[in-house]
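To start, the structure under review is shown below, and the notes come after it.
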Amino acid sequence: MDLDCDLVIPCRDEAAALPGVLAAVPEGMGVLVVDNGSRDGTPDVARRLGARVVDEPRPGYGAAVHSGMEAATATYVAVLDGDGSMDPRDLLPLLAEVRAGRATMACGRRRPAARGVWPWHARAGNAVVLAWLRRRTGIGLHDIAPVRVCRREDLLALGVRDRRFGYPVELLVRAQRAGWTLTEHPIPYHPRAEGTRSKVSGSVKGTLRTARDFAKVLP
């Protein structure tokens, strides 16, 4: 089945998680693993499992995602973390929403599947940023779109410039201003794959660094 959708997976040191993530990708969906400076053999694992690998040496989540978008060729693009915390099969309802024209971008809202999956400092930072966005832009989302699906051409035309962790926040701000229809869907949020560590929620320092990037793009 041809879903006409490419899945972009930004990765840095996710070799331990990729086998499980790629095994769950729906049939007919293309996969681009964007390697962002891994030292654990992530690109080798991705190639061995049949994914297309894109090399992005500039550090930053936004840089990796943007490179994946430029390299994608399908009409629709999806973005998902490569740490095993979310199931690629949960992208299908989001894709259906966009394909049907009910949303310009369909976003996932994380729902922790176990205690301790989403550390307090990461949840607090997420809540503060969303409260600010609701007050300043009127956006109705409850999560910073960690999983999302939209048309590739629409996304590139939006002109998101941030290349670090502020990327998803700037994306939401620009999408709201452009009059996009944004929908939100619950996504089970599981523990990361064993042998991997979060660059954001894995430490208070990582969360603060991300919050700094968020602050740079807030309206």
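The values are calculated or read from the model by the stated rules, or taken from the named source; none is laboratory data. Small disclaimer: the values here were computed from a predicted structure and weren't measured. We place every Cβ from the backbone using ideal geometry, glycine too, and count neighbours over all the protein chains shown. Each accessible area value is taken on the protein alone, full model and side chains, heavy atoms only, with ligands, DNA and RNA left out. Shrake-Rupley method; radii C 1.70, N 1.55, O 1.52, S 1.80 Å.
Data for the structure
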item: Among (1) open to solvent by 20 Å² or more (accessible area, probe 1.4 Å); (2) part of a strand (DSSP E or B), the one test that ARG115 misses; result: (2)
item: Near pairs, Cβ below 6 angstrom, 6+ apart or cross-chain, from the range 124-144 (at pLDDT 85 or above and among the polar types (S, T, N, Q)) to any residue that is open to solvent by 50 Å² or more (accessible area, probe 1.4 Å) and part of a helix (DSSP H, G or I); result: THR137/GLN176
item: Boolean, GLY116 is under 20 Å from TYR61 (Cβ atoms) and modelled with pLDDT under 85; result: no
item: Complete set of residues in the range 79-94 that are closer than 17 Å to ASP6 by Cβ and either buried (at least 24 other Cβ atoms within 10 Å of the Cβ) or of a type in the set (Gly, Ala, Ser) (or both); result: VAL79, LEU80, GLY82, LEU91, LEU94
item: Selected residue (criterion: least open to solvent (accessible area, probe 1.4 Å)) from residues of the range 122-140 that are at negative phi and assigned to a loop (DSSP other than H, G, I, E, B); result: ILE139
item: Positions within the range 1-11 being open to solvent by 10 Å² or more (accessible area, probe 1.4 Å), at pLDDT 95 or above and touching a helix residue (DSSP H, G or I) at 6+ places or on another chain (Cβ under 8 Å), in sequence order; result: ASP6, PRO10
item: Single unsatisfied condition, THR73 versus (1) at pLDDT 95 or above; (2) buried (at least 20 other Cβ atoms within 10 Å of the Cβ); (3) among the hydroxyl-bearing types (Ser, Thr, Tyr); result: (2)
item: Candidates GLU27, GLU14, GLU97, GLU56, filtered to the one that is exposed (fewer than 15 other Cβ atoms within 10 Å of the Cβ) and either of a type outside the set (A, V, I, L, M) or modelled with pLDDT under 95 (or both); result: GLU27
item: Residue within the range 134-142 that is of a type in the set (S, T, N, Q), under 30 Å from ARG39 (Cβ atoms) and touching a helix residue (DSSP H, G or I) at 6+ places or on another chain (Cβ under 9 Å) present; result: no
item: Selection status of ARG115, over 25 Å from GLU97 (Cβ atoms) and not aromatic (Phe, Trp, Tyr); result: yes
item: Of all residues making up the range 169-194, the number that are more than 18 Å from LEU95 (Cα to Cα), open to solvent by less than 30 Å² (accessible area, probe 1.4 Å) and not hydrophobic (A, V, I, L, M, F, W, C); result: 2
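So that you can scan it fast, the table gives a plain yes or no per residue for (1) open to solvent by 10 Å² or more (accessible area, probe 1.4 Å); (2) under 20 Å from TYR61 (Cα atoms):
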site	(1), (2)
TRP120	yes, no
HIS142	yes, no
VAL149	no, yes
ARG161	yes, yes
